[in-house]
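Have a look at the structure below before the remarks.
The values are calculated or read from the model by the stated rules, or taken from the named source; none is laboratory data. The structure displayed is predicted, hence computed values, not measured ones. Backbone-built Cβ (ideal geometry, glycine too); neighbour counts: all protein chains shown. What goes into the accessible areas is simple: the full protein's heavy atoms, side chains included, and nothing from ligands, DNA or RNA. Shrake-Rupley method; radii C 1.70, N 1.55, O 1.52, S 1.80 Å.
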Amino acid sequence: MARKVAIVGVGMQKFEFCKVETIEEMVFDVARNALEDARLSKDDIDAVVTGSAVDAFCGIVNSDKVATDGAGGFLKPTMRNSTSGSSAVSTPILGYNHVASGMYDIVMVICYEKMSENASAQAVFNTVYDEAYVRPIGLNVPIQCGLEARAYLHRYGLTERQMAKVSVKNRGNAISNPYAQLPMKLTVDDVMASPYLSWPVKLLDTSPVTDGARAVILASEDVARELTDSPVWIRGTGRGADSVWFMGRANPDLGRLDYAYLAARQAYEMAGIKDPAVEIDYAEVYDPFTFKEMQHCEALGLCPEGGAGRMIDEGVSWKDGALPVNASGGLQGEGNPIGAGMSRLNWCYLQIQGKAGDCQVSKDVNTAVCNAWGGMYQYNAVMVIGRD
Amino acid sequence: MAEESRILTGYVSLPYKWAMGPATTRFYEEFRKKRIMGSRCGKCNRILVPARSFCSDCFVETDEWVEVSQEGSIRTWVLINFAYEGQPKEPPYILAILDLDGADVGLPHFVGGFEMKDLETVEEKVRIGGRVKAVWKENREGYILDIDYFEPID
Ligand SMILES: [Zn+2]
(Lines give C-alpha, C1' and ligand atoms only; values in the text may rest on other atoms or scores of the structure.)
Protein backbone atom coordinates (compact mmCIF):
# COMPACT_ATOMS: atom_id res chain seq x y z
CA MET A 1 0.00 0.00 0.00
CA ALA A 2 1.46 3.33 -1.09
CA ARG A 3 1.96 5.94 1.65
CA LYS A 4 0.29 9.32 1.35
CA VAL A 5 2.63 12.02 0.04
CA ALA A 6 2.23 15.78 0.49
CA ILE A 7 3.81 18.80 -1.13
CA VAL A 8 5.22 20.86 1.74
CA GLY A 9 7.06 23.62 -0.07
CA VAL A 10 7.91 25.04 -3.48
CA GLY A 11 10.82 27.12 -4.79
CA MET A 12 10.26 29.75 -7.47
CA GLN A 13 12.51 32.15 -9.40
CA LYS A 14 12.05 34.46 -12.34
CA PHE A 15 12.09 32.83 -15.77
CA GLU A 16 14.25 34.77 -18.22
CA PHE A 17 15.56 34.49 -21.74
CA CYS A 18 19.14 34.47 -20.50
CA LYS A 19 20.01 34.15 -16.81
CA VAL A 20 23.43 35.35 -15.65
CA GLU A 21 23.57 32.52 -13.05
CA THR A 22 25.06 29.08 -13.76
CA ILE A 23 22.87 25.97 -13.53
CA GLU A 24 24.08 25.23 -10.01
CA GLU A 25 23.40 28.82 -8.95
CA MET A 26 19.89 28.63 -10.43
CA VAL A 27 19.28 25.33 -8.64
CA PHE A 28 20.67 26.66 -5.35
CA ASP A 29 18.28 29.61 -5.56
CA VAL A 30 15.11 27.53 -5.99
CA ALA A 31 16.22 24.82 -3.53
CA ARG A 32 16.79 27.42 -0.83
CA ASN A 33 13.47 29.10 -1.60
CA ALA A 34 11.68 25.76 -1.27
CA LEU A 35 13.41 24.97 2.05
CA GLU A 36 12.39 28.39 3.35
CA ASP A 37 8.81 27.85 2.16
CA ALA A 38 8.68 24.44 3.91
CA ARG A 39 10.57 25.71 7.00
CA LEU A 40 13.13 22.92 6.57
CA SER A 41 16.92 22.87 6.26
CA LYS A 42 19.21 21.10 3.83
CA ASP A 43 19.98 18.38 6.36
CA ASP A 44 16.28 17.47 6.65
CA ILE A 45 16.27 16.30 3.02
CA ASP A 46 16.63 12.51 2.71
CA ALA A 47 17.04 12.26 -1.06
CA VAL A 48 17.16 14.47 -4.14
CA VAL A 49 15.52 13.89 -7.51
CA THR A 50 16.50 16.12 -10.43
CA GLY A 51 15.05 16.46 -13.90
CA SER A 52 15.92 18.24 -17.12
CA ALA A 53 15.15 17.44 -20.72
CA VAL A 54 17.98 18.14 -23.14
CA ASP A 55 21.64 18.41 -22.07
CA ALA A 56 22.62 19.79 -25.49
CA PHE A 57 21.09 23.15 -24.51
CA CYS A 58 23.76 23.74 -21.86
CA GLY A 59 26.46 21.71 -23.62
CA ILE A 60 27.24 19.68 -20.48
CA VAL A 61 26.47 15.99 -20.89
CA ASN A 62 24.87 14.44 -17.77
CA SER A 63 24.17 17.92 -16.44
CA ASP A 64 22.44 16.45 -13.37
CA LYS A 65 25.83 16.18 -11.67
CA VAL A 66 26.14 19.97 -11.81
CA ALA A 67 22.77 20.29 -10.05
CA THR A 68 23.82 18.09 -7.11
CA ASP A 69 25.46 20.71 -4.90
CA GLY A 70 22.88 23.43 -5.53
CA ALA A 71 20.11 20.96 -4.70
CA GLY A 72 21.76 20.02 -1.40
CA GLY A 73 22.27 16.52 -2.77
CA PHE A 74 25.87 15.60 -2.00
CA LEU A 75 26.39 12.63 0.33
CA LYS A 76 22.72 11.78 -0.23
CA PRO A 77 20.91 9.43 -2.61
CA THR A 78 20.25 11.30 -5.85
CA MET A 79 18.61 10.30 -9.10
CA ARG A 80 18.13 12.10 -12.40
CA ASN A 81 15.03 11.69 -14.51
CA SER A 82 14.57 12.56 -18.16
CA THR A 83 11.53 11.95 -20.34
CA SER A 84 12.09 14.99 -22.57
CA GLY A 85 9.53 17.75 -21.95
CA SER A 86 7.36 15.48 -19.85
CA SER A 87 10.22 15.47 -17.28
CA ALA A 88 8.40 18.54 -15.98
CA VAL A 89 5.81 16.25 -14.37
CA SER A 90 7.47 12.80 -14.53
CA THR A 91 10.25 14.12 -12.25
CA PRO A 92 7.89 15.00 -9.37
CA ILE A 93 6.20 11.63 -10.04
CA LEU A 94 9.59 9.97 -9.48
CA GLY A 95 9.92 12.02 -6.29
CA TYR A 96 6.44 10.89 -5.26
CA ASN A 97 7.45 7.25 -5.80
CA HIS A 98 10.49 7.77 -3.54
CA VAL A 99 8.23 8.79 -0.64
CA ALA A 100 5.12 6.69 -1.38
CA SER A 101 7.30 3.55 -1.43
CA GLY A 102 8.41 4.20 2.14
CA MET A 103 12.05 4.56 1.10
CA TYR A 104 12.40 8.24 2.07
CA ASP A 105 10.42 10.71 4.20
CA ILE A 106 11.49 14.05 2.69
CA VAL A 107 12.55 14.42 -0.94
CA MET A 108 13.71 17.51 -2.80
CA VAL A 109 12.60 17.58 -6.45
CA ILE A 110 14.48 19.99 -8.73
CA CYS A 111 13.82 20.70 -12.39
CA TYR A 112 15.98 23.05 -14.45
CA GLU A 113 16.88 23.96 -18.00
CA LYS A 114 19.34 26.50 -19.35
CA MET A 115 18.36 26.87 -22.99
CA SER A 116 20.10 30.17 -23.73
CA GLU A 117 23.59 28.66 -23.71
CA ASN A 118 23.15 27.14 -27.14
CA ALA A 119 22.85 29.55 -30.06
CA SER A 120 19.89 27.73 -31.65
CA ALA A 121 17.25 25.85 -29.70
CA GLN A 122 15.72 24.55 -32.93
CA ALA A 123 19.07 23.20 -34.19
CA VAL A 124 19.32 21.31 -30.87
CA PHE A 125 15.77 20.04 -31.32
CA ASN A 126 16.62 18.79 -34.83
CA THR A 127 19.13 16.39 -33.19
CA VAL A 128 16.38 14.65 -31.22
CA TYR A 129 15.06 13.20 -34.51
CA ASP A 130 16.31 9.94 -36.03
CA GLU A 131 19.17 10.41 -38.44
CA ALA A 132 17.99 7.98 -41.14
CA TYR A 133 14.54 9.35 -41.95
CA VAL A 134 13.48 12.63 -40.44
CA ARG A 135 16.58 14.58 -39.43
CA PRO A 136 17.68 15.02 -43.08
CA ILE A 137 14.35 16.59 -44.01
CA GLY A 138 14.77 19.05 -41.19
CA LEU A 139 12.01 18.25 -38.73
CA ASN A 140 12.13 20.35 -35.58
CA VAL A 141 9.60 21.18 -32.89
CA PRO A 142 7.67 24.06 -34.53
CA ILE A 143 7.56 22.16 -37.82
CA GLN A 144 6.28 18.94 -36.29
CA CYS A 145 3.80 20.97 -34.29
CA GLY A 146 2.62 22.53 -37.55
CA LEU A 147 1.92 19.03 -38.89
CA GLU A 148 0.12 18.10 -35.70
CA ALA A 149 -1.81 21.38 -35.40
CA ARG A 150 -3.18 21.05 -38.94
CA ALA A 151 -4.27 17.46 -38.27
CA TYR A 152 -5.88 18.51 -34.98
CA LEU A 153 -7.78 21.52 -36.38
CA HIS A 154 -8.92 19.41 -39.34
CA ARG A 155 -10.09 16.46 -37.22
CA TYR A 156 -12.24 18.53 -34.88
CA GLY A 157 -13.15 21.53 -37.06
CA LEU A 158 -11.29 24.03 -34.85
CA THR A 159 -9.76 27.33 -35.98
CA GLU A 160 -6.57 29.35 -35.83
CA ARG A 161 -8.54 32.14 -34.11
CA GLN A 162 -9.37 29.73 -31.27
CA MET A 163 -5.66 28.90 -31.00
CA ALA A 164 -4.94 32.64 -30.91
CA LYS A 165 -7.27 33.11 -27.91
CA VAL A 166 -5.06 30.76 -25.85
CA SER A 167 -2.09 33.03 -26.56
CA VAL A 168 -4.10 36.12 -25.58
CA LYS A 169 -5.32 34.45 -22.36
CA ASN A 170 -2.00 33.02 -21.20
CA ARG A 171 0.24 35.97 -22.03
CA GLY A 172 -2.36 38.24 -20.45
CA ASN A 173 -2.45 36.08 -17.31
CA ALA A 174 1.35 36.32 -17.12
CA ILE A 175 1.07 40.06 -16.45
CA SER A 176 0.10 39.11 -12.86
CA ASN A 177 3.00 36.65 -12.48
CA PRO A 178 6.19 38.19 -11.03
CA TYR A 179 8.25 35.23 -12.31
CA ALA A 180 7.04 35.53 -15.91
CA GLN A 181 9.28 36.07 -18.92
CA LEU A 182 6.71 37.07 -21.54
CA PRO A 183 3.71 38.93 -20.14
CA MET A 184 1.85 40.64 -22.99
CA LYS A 185 -1.44 42.40 -23.48
CA LEU A 186 -2.58 41.07 -26.84
CA THR A 187 -5.66 40.87 -29.01
CA VAL A 188 -6.67 37.93 -31.18
CA ASP A 189 -5.86 40.08 -34.21
CA ASP A 190 -2.33 40.68 -32.87
CA VAL A 191 -1.77 36.93 -32.70
CA MET A 192 -3.34 36.34 -36.11
CA ALA A 193 -1.07 39.03 -37.58
CA SER A 194 2.12 37.51 -36.17
CA PRO A 195 4.26 35.82 -38.83
CA TYR A 196 3.64 32.24 -39.84
CA LEU A 197 6.55 30.01 -38.82
CA SER A 198 5.07 26.69 -39.83
CA TRP A 199 1.53 27.28 -40.99
CA PRO A 200 -0.87 26.96 -39.16
CA VAL A 201 1.56 27.78 -36.32
CA LYS A 202 2.41 31.47 -35.94
CA LEU A 203 5.07 33.19 -33.86
CA LEU A 204 2.57 34.07 -31.10
CA ASP A 205 1.34 30.45 -30.95
CA THR A 206 4.77 29.36 -29.70
CA SER A 207 6.52 29.64 -26.34
CA PRO A 208 9.89 31.31 -25.80
CA VAL A 209 13.37 29.92 -25.16
CA THR A 210 13.86 30.21 -21.41
CA ASP A 211 16.34 29.73 -18.56
CA GLY A 212 14.95 28.74 -15.19
CA ALA A 213 14.48 26.24 -12.40
CA ARG A 214 11.79 25.10 -9.99
CA ALA A 215 11.85 23.11 -6.73
CA VAL A 216 9.21 21.11 -4.88
CA ILE A 217 9.65 19.40 -1.50
CA LEU A 218 7.66 16.21 -0.90
CA ALA A 219 7.04 14.62 2.49
CA SER A 220 5.43 11.55 3.98
CA GLU A 221 2.10 11.95 5.83
CA ASP A 222 3.68 11.96 9.32
CA VAL A 223 6.16 14.66 8.39
CA ALA A 224 3.59 16.71 6.48
CA ARG A 225 1.17 16.75 9.43
CA GLU A 226 3.97 18.01 11.69
CA LEU A 227 4.79 20.80 9.24
CA THR A 228 1.30 22.02 8.38
CA ASP A 229 -2.36 21.85 9.41
CA SER A 230 -3.54 21.82 5.82
CA PRO A 231 -1.37 19.53 3.70
CA VAL A 232 -1.73 19.42 -0.08
CA TRP A 233 -1.64 15.76 -1.12
CA ILE A 234 -0.53 14.16 -4.34
CA ARG A 235 -3.72 12.28 -5.10
CA GLY A 236 -3.02 10.78 -8.50
CA THR A 237 -0.21 10.25 -10.98
CA GLY A 238 -0.24 8.90 -14.52
CA ARG A 239 2.10 8.48 -17.44
CA GLY A 240 1.71 7.32 -21.01
CA ALA A 241 3.91 6.78 -24.05
CA ASP A 242 3.02 6.24 -27.67
CA SER A 243 5.16 4.84 -30.49
CA VAL A 244 8.29 6.81 -31.41
CA TRP A 245 7.04 6.27 -34.97
CA PHE A 246 4.62 9.18 -34.87
CA MET A 247 3.56 8.35 -38.42
CA GLY A 248 2.53 4.78 -37.60
CA ARG A 249 0.23 5.09 -34.60
CA ALA A 250 -3.22 3.67 -33.91
CA ASN A 251 -4.57 7.18 -34.35
CA PRO A 252 -2.80 7.96 -37.60
CA ASP A 253 -3.81 11.59 -38.09
CA LEU A 254 -1.92 12.81 -34.97
CA GLY A 255 -4.95 14.85 -33.92
CA ARG A 256 -5.84 12.75 -30.87
CA LEU A 257 -3.25 12.15 -28.15
CA ASP A 258 -4.04 8.59 -27.01
CA TYR A 259 -1.02 8.57 -24.68
CA ALA A 260 -2.26 11.69 -22.88
CA TYR A 261 -5.73 10.21 -22.38
CA LEU A 262 -3.98 7.13 -20.94
CA ALA A 263 -1.92 9.20 -18.50
CA ALA A 264 -4.98 11.19 -17.41
CA ARG A 265 -7.09 8.07 -16.87
CA GLN A 266 -4.46 6.57 -14.54
CA ALA A 267 -4.15 9.76 -12.51
CA TYR A 268 -7.92 10.20 -12.16
CA GLU A 269 -8.50 6.54 -11.25
CA MET A 270 -5.89 6.82 -8.53
CA ALA A 271 -7.43 10.07 -7.28
CA GLY A 272 -10.98 8.68 -7.44
CA ILE A 273 -12.05 11.38 -9.87
CA LYS A 274 -14.89 10.35 -12.18
CA ASP A 275 -15.85 13.61 -13.86
CA PRO A 276 -12.79 15.85 -14.11
CA ALA A 277 -14.67 18.72 -15.78
CA VAL A 278 -16.71 19.00 -12.56
CA GLU A 279 -14.32 17.76 -9.88
CA ILE A 280 -11.17 19.61 -10.97
CA ASP A 281 -11.19 23.21 -9.71
CA TYR A 282 -8.06 24.45 -11.45
CA ALA A 283 -5.60 23.28 -14.09
CA GLU A 284 -2.09 24.10 -15.27
CA VAL A 285 -1.90 22.54 -18.71
CA TYR A 286 1.24 22.10 -20.82
CA ASP A 287 1.04 24.77 -23.55
CA PRO A 288 4.34 25.02 -25.49
CA PHE A 289 2.07 25.80 -28.45
CA THR A 290 -1.43 27.23 -28.20
CA PHE A 291 -3.10 24.17 -29.72
CA LYS A 292 -1.26 21.91 -27.24
CA GLU A 293 -3.22 23.53 -24.40
CA MET A 294 -6.40 22.74 -26.35
CA GLN A 295 -5.41 19.10 -27.02
CA HIS A 296 -4.36 18.64 -23.39
CA CYS A 297 -7.58 20.14 -21.99
CA GLU A 298 -9.44 17.49 -23.99
CA ALA A 299 -7.14 14.62 -22.97
CA LEU A 300 -7.39 15.70 -19.31
CA GLY A 301 -11.20 15.62 -19.57
CA LEU A 302 -11.53 19.32 -18.71
CA CYS A 303 -13.80 19.61 -21.76
CA PRO A 304 -15.25 17.04 -24.15
CA GLU A 305 -13.05 15.63 -26.92
CA GLY A 306 -13.02 18.23 -29.70
CA GLY A 307 -14.53 20.76 -27.27
CA ALA A 308 -11.44 22.87 -26.53
CA GLY A 309 -12.49 25.52 -29.05
CA ARG A 310 -15.80 26.06 -27.26
CA MET A 311 -14.00 26.00 -23.91
CA ILE A 312 -11.84 28.98 -24.86
CA ASP A 313 -14.65 30.72 -26.81
CA GLU A 314 -17.03 30.55 -23.85
CA GLY A 315 -14.45 31.77 -21.36
CA VAL A 316 -14.42 28.57 -19.28
CA SER A 317 -10.61 28.44 -19.11
CA TRP A 318 -10.07 32.17 -18.54
CA LYS A 319 -8.91 33.36 -15.13
CA ASP A 320 -12.44 34.19 -13.94
CA GLY A 321 -13.98 31.20 -15.74
CA ALA A 322 -15.56 28.07 -14.32
CA LEU A 323 -12.37 26.04 -14.81
CA PRO A 324 -9.38 28.38 -15.08
CA VAL A 325 -6.40 27.03 -17.02
CA ASN A 326 -2.89 28.52 -16.69
CA ALA A 327 -3.73 31.58 -14.62
CA SER A 328 0.05 31.79 -14.15
CA GLY A 329 0.50 32.41 -17.86
CA GLY A 330 1.57 28.86 -18.63
CA LEU A 331 4.57 28.17 -20.84
CA GLN A 332 3.29 30.80 -23.28
CA GLY A 333 3.48 33.61 -20.77
CA GLU A 334 5.68 32.48 -17.88
CA GLY A 335 8.30 30.94 -20.19
CA ASN A 336 9.22 27.45 -21.29
CA PRO A 337 12.46 26.12 -19.73
CA ILE A 338 11.55 22.60 -20.82
CA GLY A 339 12.17 20.48 -17.67
CA ALA A 340 11.40 23.41 -15.38
CA GLY A 341 7.88 23.35 -16.79
CA MET A 342 7.38 21.67 -13.39
CA SER A 343 6.24 25.21 -12.63
CA ARG A 344 2.80 23.92 -13.71
CA LEU A 345 2.76 21.81 -10.52
CA ASN A 346 4.15 24.64 -8.39
CA TRP A 347 1.30 26.90 -9.50
CA CYS A 348 -1.34 24.25 -8.78
CA TYR A 349 0.07 24.06 -5.26
CA LEU A 350 0.13 27.86 -4.86
CA GLN A 351 -3.50 28.14 -6.05
CA ILE A 352 -4.65 25.49 -3.56
CA GLN A 353 -2.72 27.23 -0.77
CA GLY A 354 -4.22 30.59 -1.74
CA LYS A 355 -0.66 31.86 -2.21
CA ALA A 356 -0.78 32.59 -5.95
CA GLY A 357 -0.66 36.35 -5.38
CA ASP A 358 -2.12 38.36 -8.25
CA CYS A 359 -2.51 35.10 -10.20
CA GLN A 360 -4.91 33.72 -7.56
CA VAL A 361 -8.26 32.78 -9.08
CA SER A 362 -11.41 33.98 -7.34
CA LYS A 363 -13.01 30.54 -6.96
CA ASP A 364 -12.03 28.06 -4.22
CA VAL A 365 -9.35 25.63 -5.37
CA ASN A 366 -9.24 22.29 -3.57
CA THR A 367 -8.29 19.97 -6.41
CA ALA A 368 -5.97 20.76 -9.31
CA VAL A 369 -4.39 18.89 -12.21
CA CYS A 370 -1.25 19.51 -14.23
CA ASN A 371 0.45 17.73 -17.10
CA ALA A 372 3.54 17.80 -19.31
CA TRP A 373 4.39 16.46 -22.75
CA GLY A 374 7.53 15.45 -24.60
CA GLY A 375 9.56 12.96 -26.64
CA MET A 376 8.61 12.33 -30.26
CA TYR A 377 5.14 13.82 -29.53
CA GLN A 378 4.92 10.75 -27.45
CA TYR A 379 4.99 11.14 -23.67
CA ASN A 380 2.54 12.61 -21.21
CA ALA A 381 2.72 12.82 -17.44
CA VAL A 382 -0.20 13.91 -15.26
CA MET A 383 -0.47 14.75 -11.58
CA VAL A 384 -3.57 15.50 -9.50
CA ILE A 385 -3.10 17.27 -6.18
CA GLY A 386 -5.53 18.48 -3.57
CA ARG A 387 -6.65 18.84 0.00
CA ASP A 388 -8.30 16.03 1.96
CA MET B 1 33.34 48.30 -14.12
CA ALA B 2 33.47 44.49 -14.12
CA GLU B 3 30.72 42.51 -15.83
CA GLU B 4 28.24 40.76 -13.56
CA SER B 5 28.72 37.40 -15.26
CA ARG B 6 31.26 36.76 -18.03
CA ILE B 7 30.34 34.66 -21.05
CA LEU B 8 32.66 31.87 -22.22
CA THR B 9 32.20 30.86 -25.83
CA GLY B 10 32.95 27.44 -27.29
CA TYR B 11 31.89 24.85 -29.81
CA VAL B 12 31.05 21.15 -29.44
CA SER B 13 31.54 19.21 -32.67
CA LEU B 14 31.37 15.42 -32.41
CA PRO B 15 31.66 13.03 -35.38
CA TYR B 16 29.29 10.03 -35.40
CA LYS B 17 28.90 6.80 -37.38
CA TRP B 18 25.25 5.72 -37.17
CA ALA B 19 24.30 2.10 -37.85
CA MET B 20 21.32 2.13 -40.20
CA GLY B 21 20.37 -1.48 -39.41
CA PRO B 22 19.48 -4.15 -41.98
CA ALA B 23 15.90 -2.98 -42.68
CA THR B 24 16.81 0.63 -43.41
CA THR B 25 19.87 -0.44 -45.40
CA ARG B 26 17.68 -2.58 -47.71
CA PHE B 27 15.01 0.14 -47.88
CA TYR B 28 17.54 2.67 -49.15
CA GLU B 29 19.29 0.22 -51.53
CA GLU B 30 15.92 -0.02 -53.30
CA PHE B 31 15.82 3.79 -53.52
CA ARG B 32 18.81 3.66 -55.91
CA LYS B 33 16.52 1.68 -58.26
CA LYS B 34 13.65 4.15 -57.72
CA ARG B 35 11.70 1.54 -55.78
CA ILE B 36 9.87 2.07 -52.47
CA MET B 37 9.74 -1.22 -50.59
CA GLY B 38 8.10 -1.87 -47.24
CA SER B 39 8.53 -4.73 -44.80
CA ARG B 40 5.40 -6.77 -44.09
CA CYS B 41 4.40 -8.03 -40.66
CA GLY B 42 3.32 -11.66 -41.05
CA LYS B 43 0.91 -11.33 -38.15
CA CYS B 44 -1.08 -8.13 -38.72
CA ASN B 45 -0.18 -7.83 -42.43
CA ARG B 46 0.73 -4.16 -42.06
CA ILE B 47 3.28 -2.98 -44.62
CA LEU B 48 5.80 -0.72 -42.92
CA VAL B 49 7.20 2.19 -44.95
CA PRO B 50 9.81 3.24 -43.97
CA ALA B 51 10.75 -0.41 -43.51
CA ARG B 52 11.30 -1.66 -40.01
CA SER B 53 12.84 -4.97 -38.91
CA PHE B 54 10.04 -5.69 -36.44
CA CYS B 55 6.39 -4.85 -35.90
CA SER B 56 6.08 -3.02 -32.59
CA ASP B 57 2.33 -3.80 -32.40
CA CYS B 58 2.66 -7.60 -32.80
CA PHE B 59 6.18 -7.81 -31.37
CA VAL B 60 7.44 -10.10 -34.12
CA GLU B 61 10.13 -9.67 -36.77
CA THR B 62 9.02 -8.64 -40.24
CA ASP B 63 10.12 -11.18 -42.84
CA GLU B 64 8.80 -10.16 -46.25
CA TRP B 65 9.49 -7.25 -48.62
CA VAL B 66 6.69 -5.71 -50.68
CA GLU B 67 6.86 -2.87 -53.20
CA VAL B 68 4.41 -0.04 -52.56
CA SER B 69 3.12 2.69 -54.86
CA GLN B 70 5.03 5.90 -55.61
CA GLU B 71 1.72 7.71 -55.29
CA GLY B 72 -0.22 8.40 -52.16
CA SER B 73 -2.27 10.91 -50.24
CA ILE B 74 -1.44 13.68 -47.80
CA ARG B 75 -2.28 12.88 -44.18
CA THR B 76 -1.20 16.26 -42.83
CA TRP B 77 1.17 19.00 -43.99
CA VAL B 78 2.89 22.17 -42.89
CA LEU B 79 4.19 25.21 -44.78
CA ILE B 80 7.57 26.27 -43.41
CA ASN B 81 7.90 29.99 -43.65
CA PHE B 82 10.91 30.65 -41.42
CA ALA B 83 14.63 29.83 -41.87
CA TYR B 84 15.59 27.65 -38.91
CA GLU B 85 19.23 26.88 -38.16
CA GLY B 86 20.33 23.72 -39.96
CA GLN B 87 17.33 23.45 -42.29
CA PRO B 88 17.77 21.55 -45.57
CA LYS B 89 15.90 24.10 -47.73
CA GLU B 90 15.25 27.79 -47.99
CA PRO B 91 11.67 28.63 -47.01
CA PRO B 92 8.97 28.58 -48.13
CA TYR B 93 8.70 24.80 -48.45
CA ILE B 94 6.25 22.10 -47.40
CA LEU B 95 6.71 19.03 -45.22
CA ALA B 96 3.98 16.41 -45.10
CA ILE B 97 3.20 12.96 -43.79
CA LEU B 98 2.28 10.87 -46.82
CA ASP B 99 0.29 7.63 -46.96
CA LEU B 100 1.62 5.80 -50.01
CA ASP B 101 -0.89 3.45 -51.62
CA GLY B 102 -0.28 -0.02 -50.23
CA ALA B 103 1.65 1.17 -47.14
CA ASP B 104 0.31 1.23 -43.58
CA VAL B 105 2.70 3.78 -42.06
CA GLY B 106 3.14 7.39 -43.15
CA LEU B 107 6.31 8.64 -44.81
CA PRO B 108 7.42 12.15 -43.82
CA HIS B 109 8.77 14.04 -46.85
CA PHE B 110 8.65 17.25 -48.87
CA VAL B 111 5.76 18.28 -51.10
CA GLY B 112 6.87 20.60 -53.89
CA GLY B 113 7.36 21.18 -57.56
CA PHE B 114 5.29 24.36 -57.75
CA GLU B 115 5.76 27.99 -56.85
CA MET B 116 4.69 28.85 -53.29
CA LYS B 117 3.85 32.51 -53.82
CA ASP B 118 1.34 32.91 -51.02
CA LEU B 119 -0.93 30.91 -48.73
CA GLU B 120 -3.75 30.90 -51.28
CA THR B 121 -1.58 29.36 -54.05
CA VAL B 122 -0.39 26.74 -51.59
CA GLU B 123 -3.91 25.91 -50.41
CA GLU B 124 -5.02 25.41 -54.01
CA LYS B 125 -2.31 22.79 -54.52
CA VAL B 126 -2.07 21.09 -51.13
CA ARG B 127 -4.77 19.73 -48.85
CA ILE B 128 -5.31 16.86 -46.43
CA GLY B 129 -6.29 13.87 -48.59
CA GLY B 130 -4.68 15.42 -51.72
CA ARG B 131 -2.82 13.08 -54.09
CA VAL B 132 0.95 13.19 -54.65
CA LYS B 133 3.61 11.33 -56.63
CA ALA B 134 7.33 10.84 -55.94
CA VAL B 135 9.84 12.84 -57.98
CA TRP B 136 13.30 11.21 -57.89
CA LYS B 137 16.70 12.82 -58.21
CA GLU B 138 18.90 11.83 -61.16
CA ASN B 139 21.83 10.95 -58.92
CA ARG B 140 20.77 8.69 -56.08
CA GLU B 141 22.95 7.59 -53.18
CA GLY B 142 20.58 5.40 -51.20
CA TYR B 143 19.15 8.00 -48.85
CA ILE B 144 15.87 9.70 -47.95
CA LEU B 145 16.76 12.70 -50.13
CA ASP B 146 16.97 10.48 -53.26
CA ILE B 147 13.33 11.46 -53.55
CA ASP B 148 13.53 15.17 -54.31
CA TYR B 149 9.93 15.77 -53.26
CA PHE B 150 6.38 14.55 -53.85
CA GLU B 151 4.41 16.60 -56.34
CA PRO B 152 0.65 17.18 -56.20
CA ILE B 153 -1.13 15.32 -59.00
CA ASP B 154 -4.80 16.22 -58.54
ZN1 LIG C 1 2.14 -6.63 -36.82
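Listed values, structure above:
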read-out	value
Net +/- balance of residues flanking A:Glu314 in space, Cβ distance below 13 Å, scoring K and R +1, D and E -1	+1
Exposure of B:Ser13 as accessible area (Å², to 10), given a probe of 1.4 Å and all protein chains	90 Å²
Mean Cβ neighbour count within 10 Å, used as a protection proxy, ranking A:60-70, A:214-224, A:108-118, A:337-347 highest first	A:337-347, A:108-118, A:214-224, A:60-70
Dipole of chain A, positive direction: furthest Cα of A:Tyr96, A:Asn371, A:Asn118, with charges on the beta-carbon	A:Asn371
Qualifying aspartates and glutamates (Cα of each under 15 Å from Cα of A:Lys185; at least 8 residues distant if same chain)	A:Asp205, A:Glu334
For chain A, share of DSSP beta bridges that run antiparallel, in % to the nearest 5	75 percent
Column: log10 I(q)/I(0), Debye, Cα scatterers of chain A, q = 0.14, 0.15 Å⁻¹	-1.17, -1.36
Solvent exposure ordering (accessible area, 1.4 Å, most first) of A:Thr22, B:Thr76	A:Thr22, B:Thr76
Residue among B:Val78, B:Ser56, B:Pro92 farthest towards the positive dipole end of chain B, charges placed on Cβ	B:Ser56
Buried accessible area, chains B and A (both chains, 1.4 Å probe, Å² to nearest 100)	3400 Å²
Protein-protein interface of the range B:84-118, residues with accessible area decrease of at least 20 Å², isolated chain reference, 1.4 Å probe	B:Tyr84, B:Glu85, B:Gln87, B:Pro88, B:Leu95, B:Ile97, B:Val105, B:Pro108
Inter-centroid distance (Cα atoms) of the range B:71-103 relative to the range A:1-66, Å	39 Å
Under 12 Å from B:Lys43, Cα to Cα: aspartates and glutamates that are on another chain or at least 8 residues apart	B:Asp57, B:Glu61, B:Asp63, B:Glu64
Distance violations [Cα-Cα > 21 Å] among A:Lys319/A:Lys355; A:Lys292/B:Lys89; A:Lys165/B:Lys89; A:Lys65/A:Lys355	A:Lys292/B:Lys89; A:Lys165/B:Lys89; A:Lys65/A:Lys355
Top positive-direction residue, dipole computed over chain A with Cβ charges, set A:Asn173, A:Phe246, A:Ile234	A:Phe246
About the Cα centre, charge dipole magnitude for the range A:192-283 (Lys/Arg +1, Asp/Glu -1 at Cβ), debye	360 debye
Accessible surface of the protein assembly as shown, 1.4 Å probe, proportion on carbon and sulfur as whole %	50 percent
Surrounding net charge for A:Ala2, when Lys and Arg each add one and Asp and Glu each subtract one, Cβ distance under 15 Å	-1
Residues in the range A:144-178 occluded by at least 10 Å² - accessible area, probe radius 1.4 Å, against chain by itself	A:Leu147, A:Arg150, A:Ala151, A:His154
Per residue value of the accessible surface for the protein assembly as shown (all protein chains in place, 1.4 Å probe), Å²	40 Å²
Surface/4 estimate of mean projected area, convex hull on alpha-carbon atoms of the range B:21-152, nm²	8.5 nm²
Ordering of A:89-101, A:182-194, A:124-136 by burial proxy (mean other Cβ atoms within 10 Å per residue, highest first)	A:89-101, A:124-136, A:182-194
Chain B - mean residue ellipticity at 222 nm from DSSP helices (-39,500 (n - 2.57) per run, n ≥ 4, rounded to 500)	-3500 deg cm²/dmol
Euclidean distance of C-alpha centroids, the range A:151-221 and the range A:242-292, integer Å	18 Å
Unit charges on C-beta of K, R, D, E only; dipole of chain A, Debye	480 debye
Sum of -39500 (n - 2.57) over DSSP H runs of 4+, divided by residues of chain A (222 nm, nearest 500)	-10000 deg cm²/dmol
Charged-residue dipole, Cβ positions (Lys, Arg, Asp, Glu), the range B:21-152 about Cα centre, Debye nearest 20	280 debye
Accessible area (Å², 1.4 Å probe, nearest 10) - A:Asp258	50 Å²
